[in-house]
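The values are calculated or read from the model by the stated rules, or taken from the named source; none is laboratory data. Note that the structure is predicted; figures quoted are calculated from it, not measured. Glycine also receives a Cβ, built like all others from the backbone with ideal geometry; neighbour counts cover every protein chain displayed.
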């Protein structure tokens, strides 16, 4: 009896267990089918929907909705901007001539930085780029021509214009009267004019201080009559040494003449194939100091033929070719 009862109980427990397992399997199958249906519907909806940029890349507004993230990002940006501005101000202070900002306010560096990032700083109206000033003084050379004017003077003037050069012409009265239009053109072009006498004859002009003054005064008056310029500039024939003795110098000073010699002699009067160009270059290269150079040339056809080489040389060397003015300290040979 007891044994039969125990067997019955075991069979009943087994039925319960089997029933529970069957119910569990049914429930599991039902749940999986619902999940599959949901996944299929989601897949269909996803395949027919276009993604927007905001869904792919969250916008700044989406991110900043979280107050903690907002504060973190904002603080980092402020730090970065302050660092960039400090670097920019440091660069401006170290190189003050690199950029000029007007008006100079704290907002300007940010503008400059933004323009630099977009590579369009040159379009910022508040920025002006300045070139650094040159620390070297401008080198000056005075080109001077004696004995003119001549048939080649007009072409000489054209060549001077081409190279933005000015010169000084010490002229003889007979030639001035022969080419008055050329003399006027010399003045119009901004060149300087001066007297070289009348005869260019040692025995006549240096016969006496009075003879010297007479020739120079006569030529100066002719220049004034033709051009209206009262020039006191003179160059004595063959240079002031040895002919301009103390008595001659005193007479010249009393008349108010400003006598100019030279420090570079081209010797162009005795060469015909441009050798004088080499002589000028050689003397310039051997000159010491930074004093202005006074070049002696003559108004000859052979001088004009190679004159452009001289102008090119001084231009390439960075010299400014200017005309002599009355307020300059004249270059004169030292009288012994």
Scan 304, 314 and give me the residue that is in contact with a strand residue (DSSP E or B) (Cβ under 8 Å, 6 or more places away or on another chain) and at pLDDT 95 or above. 314
Residue identified as surrounded by 17 or more Cβ atoms within 10 Å (Cβ to Cβ) and at pLDDT 95 or above among 201, 268, 253: 268
Looking at this structure, is residue 216 farther than 19 Å from residue 167 by Cα, in the same structural domain as residue 295 (by TED's automatic domain parsing), touching a strand residue (DSSP E or B) at 6+ places or on another chain (Cβ under 6 Å) and at pLDDT 95 or above? yes
Which one of these does residue 219 not meet: (1) closer than 27 Å to residue 321 by Cα; (2) surrounded by fewer than 19 Cβ atoms within 10 Å (Cβ to Cβ)? (2)
Scanning the stretch 222-250 for residues that are more than 14 Å from residue 170 (Cα to Cα) and surrounded by fewer than 16 Cβ atoms within 10 Å (Cβ to Cβ) gives 225, 228, 241, 242, 243, 245, 246, 247, 250
Which numbered condition residue 226 fails, given (1) assigned to a helix (DSSP H, G or I); (2) closer than 30 Å to residue 318 by Cβ; (3) touching a residue at least 12 places away in the same chain (Cβ under 8 Å): (2)
Matching residues, the stretch 238-269, being in a helix (DSSP H, G or I) and in contact (Cβ under 8 Å) with a residue 60 or more places away in the chain: 246, 249
Quick one: would you say residue 272 is in a loop (DSSP other than H, G, I, E, B), in the same structural domain as residue 238 (by TED's automatic domain parsing) and under 27 Å from residue 175 (Cα atoms)? yes
Looking for whichever is free of Cβ contacts under 8 Å to residues at least 40 places away in the same chain and in contact with a strand residue (DSSP E or B) (Cβ under 9 Å, 6 or more places away or on another chain) here; the options are 157, 143. Which one fits? 157
